[in-house]
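In what follows, a single structure is set out as structure tokens and then discussed.
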Amino acid sequence: MAGLAGGTSVVRAHRGHRLGVLLKIRMLRWLAEAEPQLHTIDASNAASNAHMIRVNDLLGFRLTATATNWERRL
């Protein structure tokens, strides 16, 4: 069974202190305790978000798919 990681956000003024890593580690530990039947976690982020890509790499996530999304300002 797979779970979906929601958002990991750090307010701009507090970035650069590894809070995103700590938050994601805590979330993964909580999921392991609360939902022991989970064996994979799906996470996604924009290709331009180098910080979260590094966090996901550090925590052992691996790239399994890519997607292209389009947006237009109204």
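The values are calculated or read from the model by the stated rules, or taken from the named source; none is laboratory data. From a predicted model like this one, the values you see are computed outputs, not experimental measurements. With ideal geometry, Cβ positions are generated from the backbone for all residues, glycine too; neighbour counts draw on all protein chains shown.
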Fill in: Identity of the residue in region 29-56, modelled with pLDDT of 90 or more and part of a loop (DSSP other than H, G, I, E, B), that ends up surrounded by the most Cβ atoms within 10 Å (Cβ to Cβ)
35
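Looking only at region 29-50, count every residue that is under 10 Å from the mean Cα position of the chain (by Cα) and not hydroxyl-bearing (Ser, Thr, Tyr) and tell me the total.
Within region 29-50, the first condition is being under 10 Å from the mean Cα position of the chain (by Cα), and the residues that meet it are 41-45.
Add one more test, that the residue is not hydroxyl-bearing (Ser, Thr, Tyr), and what stays is 41-43, 45.
Looking only at that region, the number is 4.
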Discussion item. Please go through region 1-21 and give me each residue that is crowded, with 16+ Cβ neighbours inside 10 Å, part of a loop (DSSP other than H, G, I, E, B) and modelled with pLDDT of 70 or more, ordered by number.
Written reply: 10
